[in-house]
Amino acid sequence: MFFVKDILAVVVIYKIKIADCATLISLNASASSINEKLDVIVYDNSPGFTQTTSISYDNLNCYFIEDESNPGVSKAYNYAGVEGFKRGKKFLLLLDQDTYFPSNAISAYMEAVNAHCTQKLFCPILQTSKGIYSPLKYYFRRGTNWNDVKPGTYSLKNVSVLNSGILVDAGAFKSTGGYNERIKLYFSDFDFINRFRRKYKYVVIVDLYCRHSLSDLDVQDYDSAIKRFNYYVQGSYNSILSFKDYLYLFVTIFLRSIKLSYRYKRMTFVNTFFKKYLLARFFKIPLLLL
C-alpha cells in the first residue's frame with residue numbers, strides 16, 4: 001500500500017513569497033483534509049529576493065533551499081531525487097509555484113497509485129483559462145492540446161505531460177537519469193518524458209483536475225518576452241536527441257519566433273532563433289556564447 005509518508009514533494013519557486021504560493025497553500029489544505037503531513041522541499045530560485053522562511057503550514061513539513069544562482073527547475077528536481085533516496089521515499093511529487101490543487105488531491109494520488117501499483121508515472125489534468133494543458137498529444141516533438149481527457153492509463157508513445165503535478169516512482173526517476181540540468185525551464189518536462197518513455201511505456205492520468213497558470217498566456221513586456229524566448233530556444237536545443245529531433249524542433253521554434261516577432265513588431269525573435277539554431281548546430285559554437 002502507498003501512503004503519504006512515501007512521498008517527497010518539491011516545489012520550485014521564483015520571486016514569490018512562500019506564504020503566497022498557490023501550490024503550497026492548496027497542498028496544505030489537501031493534506032489537512034485527510035489529517036496527514038506531507039514532506040516538501042521548497043526550492044527557492046530567486047536571486048536578490050528577500051524571502052521569509054519562518055512561514056509554516058500546519059500539514060506540510062517544509063525544508064527550504066535557497067539557491068540564488070537560479071539554476072532552473074531541473075537542478076531542483078534532481079536535488080529532490082537524491083534527497084528522496086536518502087529518506088527512503090517511494091515517490092517524488094514534482095511541482096511549480098502556480099498549480100492550485102483541490103482538497104482531494106493527495107487522496108486522489110494515493111487511490112491512483114494503489115489501483116495501478118505496477119505503474120511508475122502519474123499526473124493530474126492541468127486546466128488553464130485556455131483549456132487543458134497537461135496531458136498533451138505529442139507528435140514530431142510538438143505538444144498539442146486535448147479538448148477532453150479522461151482519467152486512465154495511456155501509452156506514452158504519443159502523450160507527454162508538463163512538470164507540475166507529476167508523481168514519479170523514485171527508482172524510475174533515478175534509472176531515467178533525472179532531469180537534464182542544461183535545460184533550466186522550457187522543454188525540461190518534454191526531455192524527461194522522452195527519456196522516461198524509453199524504459200517505461202505508460203502514464204496514469206489521475207482523476208484529479210487542477211487549475212494551473214502559465215506565464216506564456218499572459219501579456220508580457222518585450223524585455224520579459226525576449227528573455228523567456230532565449231530560455232525556450234536553449235531548452236529546446238539542449239533537448240535534441242537526434243538529427244530528426246533537430247529538424248522537428250527547428251520548424252517548431254521557427255514558427256514560434258515568427259509569431260512573437262509579429263506580436264512585438266520586432267525581428268529579434270527570428271534573429272535569435274537563426275543565430276542559435278544555425279550557428280550552434282553547424283559551426284559548433286556553444287549556446288552560452290551566442
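The values are calculated or read from the model by the stated rules, or taken from the named source; none is laboratory data. This is a predicted model, so every value here is computed, not measured. As a convention, Cβ positions derive from the backbone with ideal geometry for all residues, glycine included, and neighbour counts pool all protein chains shown.
What do you reckon, is residue 115 small (Gly, Ala, Ser) and in contact (Cβ under 8 Å) with a residue 60 or more places away in the chain? Before you say what the answer is, go through the steps one by one.
Values: small (Gly, Ala, Ser): yes; in contact (Cβ under 8 Å) with a residue 60 or more places away in the chain: no.
Against the criterion (small (Gly, Ala, Ser) and in contact (Cβ under 8 Å) with a residue 60 or more places away in the chain), residue 115 does not qualify.
Would you confirm whether or not the stretch 101-121 contains a residue that is under 15 Å from residue 189 (Cβ atoms) and in contact with a strand residue (DSSP E or B) (Cβ under 7 Å, 6 or more places away or on another chain)? Walk me through it before giving the result.
First, the residues of the stretch 101-121 that are under 15 Å from residue 189 (Cβ atoms): 121.
This time we only want the ones that are in contact with a strand residue (DSSP E or B) (Cβ under 7 Å, 6 or more places away or on another chain), so: 121.
Checking the stretch 101-121: at least one residue is under 15 Å from residue 189 (Cβ atoms) and in contact with a strand residue (DSSP E or B) (Cβ under 7 Å, 6 or more places away or on another chain).
Tell me yes or no: at least one residue of the stretch 131-147 is of a type in the set (Phe, Trp, Tyr), in a strand (DSSP E or B) and either crowded, with 21+ Cβ neighbours inside 10 Å or touching a residue at least 40 places away in the same chain (Cβ under 8 Å) (or both).
Applying the first criterion (of a type in the set (Phe, Trp, Tyr)) to the stretch 131-147 yields 133, 138-140, 146.
Within this subset, residues satisfying the condition of being in a strand (DSSP E or B) are 133, 138-139.
From what is left, the residues that are either crowded, with 21+ Cβ neighbours inside 10 Å or touching a residue at least 40 places away in the same chain (Cβ under 8 Å) (or both) are 133, 138.
Taking every residue of the stretch 131-147 in turn, at least one turns out to be of a type in the set (Phe, Trp, Tyr), in a strand (DSSP E or B) and either crowded, with 21+ Cβ neighbours inside 10 Å or touching a residue at least 40 places away in the same chain (Cβ under 8 Å) (or both).
Of the residues that sit in the stretch 169-213 and are of a type in the set (S, T, N, Q) and in a helix (DSSP H, G or I), which one is nearest to the chain's Cα centre (by Cα)? Let's see the steps before the verdict.
Taking the stretch 169-213 and keeping what is of a type in the set (S, T, N, Q), we get 175-176, 180, 188, 194, 213.
When the remaining residues are screened for being in a helix (DSSP H, G or I), the result is 175-176, 188, 194.
Details: 175: 19, 176: 16, 188: 7, 194: 13 Å.
If we take residues in the stretch 169-213 being of a type in the set (S, T, N, Q) and in a helix (DSSP H, G or I), then 188 is nearest to the chain's Cα centre (by Cα).
When the residues of the stretch 85-98 are narrowed to those that are within 25 Å of residue 171 (Cβ to Cβ) and within 11 Å of the chain's Cα centre (by Cα), which ends up surrounded by the most Cβ atoms within 10 Å (Cβ to Cβ)? Walk me through how you get there before you give the answer.
First, the residues of the stretch 85-98 that are within 25 Å of residue 171 (Cβ to Cβ): 85-96.
Then keep just the ones that are within 11 Å of the chain's Cα centre (by Cα); that gives 93-96.
Numbers: 93: 25, 94: 26, 95: 30, 96: 23.
Ranking the candidates gives 95 first.
Within the stretch 112-171, which residues are small (Gly, Ala, Ser) and closer than 27 Å to residue 232 by Cβ?
Step one: list which residues in the stretch 112-171 are small (Gly, Ala, Ser), which gives 112, 115, 129, 131, 134, 143, 152, 155, 160, 164-165, 170-171.
Passing the criteria: 129, 131, 134, 143, 160, 164, 165.
Taking the stretch 243-263 only, how many residues are more than 15 Å from residue 142 (Cα to Cα) and either of a type in the set (Asp, Glu) or surrounded by fewer than 16 Cβ atoms within 10 Å (Cβ to Cβ) (or both)?
5
Looking at (1) in contact with an Asp or Glu (Cβ under 6 Å, 6 or more places away or on another chain); (2) loosely packed, with under 14 Cβ neighbours inside 10 Å, which one does residue 163 not meet, given that it meets all the others?
(2)
Strands (runs of 3 or more DSSP E) wholly in the stretch 1-119 with at least 2 residues that are closer than 23 Å to residue 177 by Cα - which ones?
Details: elements: 7-13, 38-44, 60-66, 91-96.
Per the criteria, 7-13, 38-44, 91-96.
Can you tell which of 270, 251 is modelled with pLDDT of 80 or more and under 12 Å from residue 233 (Cβ atoms)?
Every option except 270 fails the conditions.
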